[in-house]
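The values are calculated or read from the model by the stated rules, or taken from the named source; none is laboratory data. Bear in mind that the values here come from a model prediction, so they are computed numbers and not experimental data. FYI the Cβ positions are ideal-geometry reconstructions off the backbone, even for glycines, and counts take in every protein chain you see. For accessibility, only protein heavy atoms count, side chains too; no ligands or nucleic acids. Shrake-Rupley method; radii C 1.70, N 1.55, O 1.52, S 1.80 Å.
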Amino acid sequence: MITYDPRDFALELEGHLNIRDEIEKLDPSLKSRLESIFFLDNRIFETSKLCDKLQLEISKLKKEYDSHNFNYGLGEAHRDFAINKKLRNETWAKIYEAGKERDGYYEKIQEIQTERDLLLKKVGDNYRKFKTSNQFFELHEKRVALYSIVSVDFMGKISKFILLTEYQRAQISLGNLDIYSVDSPLGKACVGKRIDQSFSYTIPSGAEITGKILECALPSLEQMEQIISKLNRAIVSSPSVSLNLNAWTSNNTRYQKGG
């Protein structure tokens, strides 16, 4: 879920950075166990997808088998009896092999789950924090989203910018760092893309611009504080009747309006 309020995002970022620091300070053996559990969880997920794919294939094959079996049941007098008998037997063999492969994956999942559960008992609550934090950084450091600082290769020309909302972009400057709206043609083309993926968009003149994502990074807490501070000043100096001021409230005093 995308967090649009910069305060909420800053608080979330700060929390996960603190968790990352905690993990780095853990005993090496405990840290290794956490990483192993995360790896095993991913293996379980990927293997489960393979099981699901095979199950769909088996369901499709069973329908084919039922069709061949029906025609086979019409007897030798049917003109395609020999063909249907052959197809029926071949389809059943495929069902058997797919089922065998699927069951092998199920057994593998159970083995991995057993190994993971033993490790979970040794790491306690640390893994929940570790997993949540890893998912956050996986999402924001490998895929372009709101507040991403993106480096792009435009056919040999390197450009670096941050993506904000249109309202934020209109109110903020961040030194030499360019700012684009997530709703701009460039923003829409980049959002959701991963590192090394290409994108394209059309400019008003009709020309097509192509590029490639080189890097995707999170803003620093200092940069988020600059964004929040400048938005606070914009609200105080020129309040808009269309702006929802309640969206800027926060229970955390560090990022309260005007703080």
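Some observations on this one:
- Value of relative contact order over the range 118-226, rounded to a whole percent, pairs C-alpha under 8 Å and six or more apart: 29 percent
- Counting only alpha carbon atoms, the long axis of helix 81-123 and the longest principal axis of the chain meet at about 40°.
- Charge-dipole axis of the range 51-139 as Lys and Arg at +1 and Asp and Glu at -1 on Cβ define it, positive-most pick from 119, 136, 83: 136
- Accessible surface, per residue, of the range 1-119 when the full set of protein chains is kept, probe 1.4 Å, Å²: 68 Å²
- The stretch between residue 59 and residue 151 holds 28.6 nm of extra length on full extension. This uses 0.36 nm per residue minus the Cα-Cα distance.
- Gyration tensor verdict on the range 149-200 (Cα atoms; rounded if a/c is under 1.5, prolate if a/b is larger than b/c, oblate otherwise): oblate
- Cα-centred dipole magnitude for the chain, charges only on beta-carbon of K, R (+1) and D, E (-1), debye, nearest 20: 240 debye
- Prolate/oblate/rounded call for the range 40-172, Cα gyration tensor, a/c under 1.5 rounded: oblate
- Residue among 229, 177, 210 farthest towards the positive dipole end of the chain, charges placed on Cβ: 210
- Filtered GluC sites (Glu not before Pro), the range 1-108: DSSP coil and at most 11 other beta carbons within 10 Å: 76
- Seen against the Cα atoms of the chain and their longest principal axis, helix 6-24 is set at about 70 degrees.
- Put a dot 7 Å past the Cα of residue 183, heading toward its Cβ, do the same for residue 125, and the two dots end up 4.2 nm apart.
- Each stretch of four or more DSSP H residues adds -39500 (n - 2.57); spread over every residue of the chain, this sum gives -20500 deg cm²/dmol at 222 nm.
- Principal-axis tilt of helix 126-142 within the chain, Cα atoms, nearest 10 degrees: 80 degrees
- Gaussian network model of the chain, Cα within-10 Å springs - most flexible of 86, 230, 121: 86
- Gain upon complete extension [residue 176, residue 139; 0.36 nm per residue less C-alpha separation]: 10.7 nm
- Pairs with C-alpha atoms separated by more than 30 Å, drawn from the list 193/230; 49/193; 31/142; 62/131, are 62/131.
- Set the Cα radius of gyration of the chain against 2.2 N^0.38 Å, with N its number of residues, and you get 1.51.
- The ratio of the alpha-carbon radius of gyration of the range 1-101 to the globular-protein estimate 2.2 N^0.38 Å is 2.10.
- As a length-normalised measure over Cα pairs under 8 Å and 6 or more apart, the relative contact order of the chain settles at 19 percent.
- Size of electric dipole in the range 91-230: Cβ of Lys, Arg +1 and of Asp, Glu -1, about Cα centre, debye, nearest 20: 120 debye
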